[in-house]
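So the structure is just underneath, and the comments pick up after that.
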Amino acid sequence: MRIPILLISFLATCASVYAQTAGNKNYINVELTEPGTLSQALGDRANTIDSLVVEGTINEADFYTMWRAATFGRLSAINLEKANAEDNRVPANAFSYPNECS
C-alpha cells in the first residue's frame, strides 16, 4: 500500500541518499532498501534538513526518526508518495509521541 502523504510540521549501506541545497533550504531524497534504517541514512543531518523525500518500505522506527527531525530539528516537509508502510500499516503513534514532549 502506498502512502501518499505530504507532512508539514528521511544509509550508508542500505539506501541511496541524495541531498541538494536551494538557497538556504536543505532537501534530501532517501531510498531505503531495508525498513528501520532511516536514522542511519540521515545520520547527523537529521536535525538540519528542511525537506525530506522517502522511497522504499518504512516502519515504526522510521516514523519516529521523521517525527524527531520535525519536532527537534528543522524538518518541515516530508514526501512519502513513494514509500510503503511495513505490513501496510501506519503505526498508531506515527505522528505523536506525547511522552517525549512533556
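The values are calculated or read from the model by the stated rules, or taken from the named source; none is laboratory data. Computed from a predicted model, the values in this text were never measured in an experiment. Neighbour counts are summed over all protein chains in view; Cβ atoms, including those assigned to glycine, are modelled from backbone coordinates with ideal geometry. What goes into the accessible areas is simple: the full protein's heavy atoms, side chains included, and nothing from ligands, DNA or RNA. Shrake-Rupley method; radii C 1.70, N 1.55, O 1.52, S 1.80 Å.
Annotation note: Cβ proximity below 7 Å between a residue of the range 32-60 that is open to solvent by 20 Å² or more (accessible area, probe 1.4 Å) and a residue that is assigned to a loop (DSSP other than H, G, I, E, B) and among the aliphatic types (A, V, I, L, M) (sequence gap 6+ or interchain) occurs for GLN40/LEU11; GLN40/ALA12. Hey, does the range 64-83 have a residue that's of a type in the set (A, V, I, L, M) and at pLDDT below 90? Within the range 64-83 (the criterion being of a type in the set (A, V, I, L, M) and at pLDDT below 90), the answer is no, since none of the residues qualifies. When the range 26-79 is filtered for residues that are of a type in the set (Val, Ile, Thr) and assigned to a strand (DSSP E or B), the ones remaining, listed by number, are ILE28, VAL30, VAL53, VAL54, THR57, ILE58, ILE78.
Please work out which residue is surrounded by the fewest Cβ atoms within 10 Å (Cβ to Cβ), limiting yourself to the range 65-92 and to residues that are farther than 17 Å from ILE28 by Cβ and of a type outside the set (S, T, N, Q). This residue is ALA92.
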